[in-house]
Amino acid sequence: MKKNLLSLCLSLSLLAAAPAVVNAAQNDANTAPAISSQTLRNLSWTPLVPPVTQDVTLGTSSAQINQGQIQGAVGAFALPADRGSLEITLTSIATGKTVYAPNVLVLDEQMRPAAFYPSSYFPYQKPGIVSSDRLEGTLKLTPALGQKQIYLLVYTTRQDLAETTQMVNPAKAFAAGVGNAVPDIPDPIARHTPTGTLSLKVTAEQKTGNVMIGQFLPSSAPAAAAPVVVGSTQAPAPVAAPAKPSEPMLSDSETYFNDAIKKAVKAGDVDKALKLLDEAERLGSKTARKTFIESVKH
């Protein structure tokens, strides 16, 4: 009976947690660090056609800008300007104890700065049952009529690299999420790095967003200068999902999850024990599965 119960339990999956909503106002584009037009034109811009979710790894072989305050790998994206308003959720995923602090400069079709979102616009979001530590923010943009595409440049700065992000210990976040007592264990600190892992989710709608990109061009106006053609029009190749952090789980966290699994099984709450097992293994536990199996056997 227990063997059948164990097989059934191990096949259950978890529900996805809803993403947090970010509320903040964008800064004037004039406050963004200056970037030469030649540097912008030399970048290879990746097209993103909504609806789309794109994972991007910014590594040492990615495009780099080391100009003024900007330093490190950058992400360059081209978005259609004729699909209505655009909603873009940008997530920078923490890996181990490091994270990329993103800034976003929005450019109109002529590659003129139109809006700027500093790293403070992308606050820390604590981990959930199926989500990891991350910096995240949502942009709502409305391209003006007469444009074919606008551009998004993601970069980090020297000031960002000198700072860190205080994270929440995953065991604490999970305990709070399931209503358990929050353990008294230390929270990790992530240092900011010039490389990282991003995820962009882009959707389009015909409603008006909150930031107008570019100048309105009435039908009687003379034709604007030809847009700058940048990058390939082909869809980008799929990017492999980033590998899980290789760092082992902290011993305090390992003990917390094992004890919680034992208590849940003893209380007959196998579903809760399975959720604890899944979360523990996602965070790097090497003993949670063994603890669960031995608890069910006994």
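The values are calculated or read from the model by the stated rules, or taken from the named source; none is laboratory data. In this text the structure is predicted, and so the values were computed from the model without any measurement. Every residue, glycine as well, gets a Cβ built from its backbone with ideal geometry; the counts of neighbours run over all protein chains shown. The accessibility values were calculated without ligands, DNA or RNA, using every heavy atom of the protein model including side chains. Shrake-Rupley method; radii C 1.70, N 1.55, O 1.52, S 1.80 Å.
Does segment 45-65 hold any residues that are in contact with a Ser or Thr (Cβ under 8 Å, 6 or more places away or on another chain), touching a residue at least 40 places away in the same chain (Cβ under 8 Å) and part of a loop (DSSP other than H, G, I, E, B), and which are they?
Those that are in contact with a Ser or Thr (Cβ under 8 Å, 6 or more places away or on another chain), touching a residue at least 40 places away in the same chain (Cβ under 8 Å) and part of a loop (DSSP other than H, G, I, E, B): Pro50, Pro51, Gly59, Thr60, Ser62, Ile65.
Tell me yes or no: at least one residue of segment 153-164 is open to solvent by 10 Å² or more (accessible area, probe 1.4 Å), in contact (Cβ under 8 Å) with a residue 60 or more places away in the chain and charged (D, E, K, R).
Yes, there is a match, as at least one residue in segment 153-164 is open to solvent by 10 Å² or more (accessible area, probe 1.4 Å), in contact (Cβ under 8 Å) with a residue 60 or more places away in the chain and charged (D, E, K, R).
Go over the candidates Ala34, Ala18 one by one and state the one that is under 20 Å from the mean Cα position of the chain (by Cα) and either among the aromatic types (Phe, Trp, Tyr) or at pLDDT below 95 (or both).
Ala18
Identify, from the list Ile65, Ile93, the residue that is within 16 Å of Tyr155 (Cα to Cα) and open to solvent by 10 Å² or more (accessible area, probe 1.4 Å).
The conditions single out Ile93.
Being out of contact with any Lys or Arg (no Cβ under 7 Å at 6 or more places or on another chain) and of a type in the set (Val, Ile, Thr) is the filter here, so list the residues in segment 158-177 that pass it.
Thr165
Going residue by residue through segment 160-175, is there one that turns out to be closer than 26 Å to Asp271 by Cβ, in a loop (DSSP other than H, G, I, E, B) and touching a Pro at 6+ places or on another chain (Cβ under 6 Å)?
No.
Give me a count of the residues in segment 133-146 that are buried (at least 20 other Cβ atoms within 10 Å of the Cβ) and not basic (Lys, Arg).
Number satisfying all stated conditions: 7.
Could you list all residues from segment 101-124 that are open to solvent by 20 Å² or more (accessible area, probe 1.4 Å) and farther than 18 Å from Ile213 by Cβ?
Within segment 101-124, Ser119, Ser120, Pro123, Tyr124 qualify.
Confirm whether Thr255 is modelled with pLDDT of 80 or more, in the same structural domain as Leu276 (by the TED database) and either part of a strand (DSSP E or B) or surrounded by 13 or more Cβ atoms within 10 Å (Cβ to Cβ) (or both).
It is true that Thr255 is modelled with pLDDT of 80 or more, in the same structural domain as Leu276 (by the TED database) and either part of a strand (DSSP E or B) or surrounded by 13 or more Cβ atoms within 10 Å (Cβ to Cβ) (or both).
State which residue pairs qualify: first residue over 15 Å from Gly177 (Cβ atoms) and inside segment 269-298, second residue open to solvent by 70 Å² or more (accessible area, probe 1.4 Å) and hydroxyl-bearing (Ser, Thr, Tyr) in any location, beta carbons under 9 Å apart, and separation of 6 or more residues or different chains.
Gly284/Ser246
May I ask you to say which residue of Thr164, Thr157 is under 30 Å from Arg282 (Cα atoms) and modelled with pLDDT of 95 or more?
Among Thr164, Thr157, only Thr164 is under 30 Å from Arg282 (Cα atoms) and modelled with pLDDT of 95 or more.
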